[in-house]
Every structure is written in structure tokens, then in C-alpha cells.
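Trainee: Next up is a structure, given as C-alpha cells.
The values are calculated or read from the model by the stated rules, or taken from the named source; none is laboratory data. The structure displayed is predicted, hence computed values, not measured ones. For neighbour counting, all protein chains shown are included, and Cβ atoms are generated from backbone atoms with ideal geometry for every residue, glycine included.
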């Protein structure tokens, strides 16, 4: 009986519903809860509604290069860097943010990043479906409609705590969904917008609002994860940790931390040391590699982008291990994979082979330059 009581208690999860708060507080909330979490603590589900628009930047993004900062300034939209990976996300007062915070040692948090994405995206997917949209699991935490990504969840590890989070619209609106989706053309946008409107008009459920979306979402959290959600207040240590996180996130040095180490790399270039900027787009998102090389040998490198790293400091540990490698080495992918394995680094959606392929120098085939054939001497001039 005692063992059964422990099992039952382990399934009781604290639910912290912050309601409408500032964007900074909405971001700091789940980070602070993670900072204060002890290994034996029960999981926590955190809900928060930002009271205005903001850009949530991924943990490893180079904000200066990957986000339209001028547009943010023009619209008075703050940029706040989170500790979970993935791409930048625009959130508004029409969003409810949900984050799952739990010790890494729990069964629900065990395994690879792919398992985390699938497990914690499921309640959001079922909520979308409840209001008429037949969404599916996409690659690496994506939520897709008609094969196009319209949302998703992001994951990360803060200390010994796993954090997975996403957001859902309080009022499902076709224009907003299409505006945020990764779509290739205006024609596809029009088609998807019409599809969403038709689906919503045929849905038998009442029009969604914050209460109905919340009720559906929490019901699916309980159903898919087997958790009993119990409303709770923040503990004193969590409040203190949230305040510390808010101060950190409001600091511009934190916002611009991605890409900062190599920001002035061009000043170091010269005398045989070349600066190389590379961009690779894989299933896990866009990856930027900024490196200094001498005669094809990496002397310094920084990796940023829409990627996720597990553990959180994995990229920082991997980068110095790549120094000294030749970009054209035939075993480059194997050597990167060995280093990732020794460090226990997982980069969901970005393989060692992809990193090696992105790093390889472009070798021009023998013969005349194609530009010479097209433009003659103009190409040389």
C-alpha cells in the first residue's frame, strides 16, 4: 500500500496559472520554477498569458543576425531570450503559454529529445484538433497542418531539470495562424487560410476563448500524461528565483549573448587567418557556423542558430573540440560524432554528418569559371 501511495503522489502535478502578466514575467516564470526545482520535486505545469507582444528568442540564436531588430524597435516589441532551443517565436496577448517543468530523472523526462517533443506536443495537438484543426506531429517538436508547420514546442535542460514549452491561441484565427506559419508562397498562404476557415466553420465546438482553450488543454495534459493537476501557488524560493531570472533576461548582454564571442572575429582575420560564415538549414532548423581558419584548419568556431542542445552547455563544450580539425578531412563527420558522443551532446535535428557537410570548403571544379563563360572579363573585373 505504501508503494502505491508513492506512485499516486508522484502523479499529482502542481499547476501554476499566472494569468495575464508582462512578457518578461511570462518568460521568467517557468525559468525560475526550473531553477528552484529539486531532484525529488513533483513536475510543475506553468500557464501564463503575456499582456503584450514580444519575441521569444531561442537559447542559441544570434539575435543580431537572425531577428529583424529594426522592426522590433519600430513596433516597440521586446526581444527576450529563453533557455530552451528552437527558432524565435512571436507571441501576443492572444497566446497562452504552457511549460512543463520536471526533474530529468522522471520517466516522462527520460530518453532522447525526440521523445520529449512527441510526448509534450501531444496535448497541444489534441487541443487544436478539439477546435476543428486536424494538426499532426511535425519534425522535432513541430505541429503541422497540411504538411506545413503552424506551431510547435521547444525543449531544453536547465541544470538537472527538463523544460518543454509552447503556446496556443486563445482565439483561433486563420490570419494569425497563417502569418506565423512557415509557408513558401502567397498562394500556399491563401490555400491554408481557406482550409483553416473551412475547418473552423464545420467544427461543432463552441468558438474558442481563453477558458475553453484552457479547459481543453489541461484536460489533454491530464489524459496524455496521466497527471492529476492541482492548482498551486508559487513557493517563496520560486518567487526569488523568478525575480533573479527576470533581472537576467532584462539585461541586454543576455539578449545578445548568442554570437557575442565571435562578434569581432573580422578584426582577428588577416595574415593567413580567414573568417568564414556558413549557414546550414536542416530538419532541426537553421544553424550558423562562424569560424576562423588557417590553411583549412579550424582555429576558432562558434555555433549558433535555431537549434537545441542537450545538455544546455553542450555547444560550448563541443566548439573547442572542433578546433584543430581540417575542414576537408575525409573523416570529419566521424570525428565530430566521436566528440559529441564523448561529451554526451545531442543536437536534435542536426547530425554530425550535417555539421561536417556544412563545414567542408567549396571546391571549384577544374576548368574555366562559369562566370567567365557568361560574362567574359567582366567577371574578373
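Trainee: Any idea which of (1) closer than 19 Å to residue 150 by Cβ; (2) part of a loop (DSSP other than H, G, I, E, B) is the one residue 120 doesn't satisfy?
Mentor: Only one criterion in (1) closer than 19 Å to residue 150 by Cβ; (2) part of a loop (DSSP other than H, G, I, E, B) is unmet by residue 120, namely (2).
Trainee: From the list 216, 283, pick out the single residue that is over 30 Å from residue 355 (Cβ atoms), touching a helix residue (DSSP H, G or I) at 6+ places or on another chain (Cβ under 7 Å) and touching a residue at least 24 places away in the same chain (Cβ under 8 Å).
Mentor: On the way: 283 fails: over 30 Å from residue 355 (Cβ atoms).
One residue alone meets the criteria, 216.
Trainee: Quick one: which helices (runs of 4 or more DSSP H) lie wholly within the stretch 283-381 and hold at least 1 residues that are under 28 Å from the mean Cα position of the chain (by Cα) and modelled with pLDDT of 90 or more? Outline the logic, then answer.
Mentor: Working: elements: 314-322, 332-343, 352-359, 370-375.
Because the criterion is at least 1 residues that are under 28 Å from the mean Cα position of the chain (by Cα) and modelled with pLDDT of 90 or more, the helices (runs of 4 or more DSSP H) in the stretch 283-381 that meet it are 314-322, 332-343, 352-359.
Trainee: For residue 226, only one of the following conditions fails: (1) closer than 22 Å to residue 143 by Cα; (2) in contact (Cβ under 8 Å) with a residue 24 or more places away in the chain; (3) surrounded by 15 or more Cβ atoms within 10 Å (Cβ to Cβ). What is its number?
Mentor: (3)
Trainee: Select from the stretch 262-278 the residues that are farther than 19 Å from residue 316 by Cα and loosely packed, with under 13 Cβ neighbours inside 10 Å and list them in ascending order.
Mentor: Answer for the stretch 262-278, where residues must be farther than 19 Å from residue 316 by Cα and loosely packed, with under 13 Cβ neighbours inside 10 Å: 266, 267, 270, 271, 272.
Trainee: Out of the stretch 125-149, which residues are in contact (Cβ under 8 Å) with a residue 24 or more places away in the chain, surrounded by fewer than 22 Cβ atoms within 10 Å (Cβ to Cβ) and not in a loop (DSSP other than H, G, I, E, B)?
Mentor: 126, 130, 139, 145, 148, 149
Trainee: Also, quick follow-up: Report yes if residue 208 is touching a residue at least 60 places away in the same chain (Cβ under 8 Å), at negative phi, out of contact with any strand residue (DSSP E or B) (no Cβ under 7 Å at 6 or more places or on another chain) and not in a strand (DSSP E or B), otherwise no.
Mentor: yes
Trainee: OK, next. Hey, does the stretch 266-281 have a residue that's assigned to a helix (DSSP H, G or I), modelled with pLDDT of 95 or more and over 23 Å from the mean Cα position of the chain (by Cα)?
Mentor: No: the stretch 266-281 contains no residue that is assigned to a helix (DSSP H, G or I), modelled with pLDDT of 95 or more and over 23 Å from the mean Cα position of the chain (by Cα).
Trainee: Going residue by residue through the stretch 66-83, is there one that turns out to be at positive phi, surrounded by 22 or more Cβ atoms within 10 Å (Cβ to Cβ) and in contact with a helix residue (DSSP H, G or I) (Cβ under 7 Å, 6 or more places away or on another chain)?
Mentor: no
Residues are listed down the side, and each one gets a yes or a no for (1) assigned by TED's automatic domain parsing to the domain that holds residue 225; (2) farther than 28 Å from residue 231 by Cβ; (3) modelled with pLDDT of 95 or more; (4) not in a strand (DSSP E or B):
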| position | (1), (2), (3), (4) |
| --- | --- |
| 9 | yes, no, no, yes |
| 14 | yes, no, yes, no |
| 28 | yes, no, yes, yes |
| 45 | yes, no, yes, no |
| 49 | yes, no, yes, no |
| 98 | yes, no, yes, no |
| 108 | yes, no, no, yes |
| 116 | yes, no, no, yes |
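Trainee: Which of (1) under 24 Å from residue 83 (Cβ atoms); (2) touching a helix residue (DSSP H, G or I) at 6+ places or on another chain (Cβ under 6 Å) does residue 233 not meet, given it meets every other one?
Mentor: Every condition holds for residue 233 apart from (2).
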